[in-house]
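No lab work stands behind these numbers, since they all come straight from the coordinates. Given the structure is predicted, the values throughout are model-derived calculations rather than measurements. Cβ sites come from the backbone with ideal geometry, for glycine too, and all protein chains shown count toward neighbours.
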Amino acid sequence: MADGSDTTLTADQTASGQAPNGLVAGIKSFAAEHGGAKAVIEYVGKRGARIVLVGADGAWGDQFAEDTVTAREACAQAGVAVENAWERELMDQMRPSNDLWRSMARRTMAR
């Protein structure tokens, strides 16, 4: 077999140790507005990584990073704890707004 494999994905990930300032500022701002926050990082393919932030007051929002390494670094620099998965306690803490419920209902009814 030839050197390498077409089923193995390798990528050069260089950890610069610095996340983009705008990303860190956005995470800090969310945490400050909502009495602290926790984060869950989700890999979303070529797009990068989605950082879902859940505030202590139940509000939630998200930010996007170019990869999971950058997302974790940004959360660390912002002082936001990263959860390993969607635990029940974290999901129970989330409080979707009425506008979100309405928008989800419209999507469901349109199908």
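In terms of overall dimensions, region 21-64 has a Cα radius of gyration and Dmax of 10.5, 32 angstrom. Can you figure out the FRET efficiency of residue 67 with residue 29, using R₀ = 30 Å and their beta-carbon distance, to the nearest 0.05? That gives a FRET efficiency of 0.85. Expressed as a fraction of 2.2 N^0.38 Å, the C-alpha radius of gyration for region 47-88 is 1.14. A Förster distance of 22 Å, applied to the separation of the beta-carbon atoms of residue 42 and residue 88, puts the FRET efficiency at 0.80.
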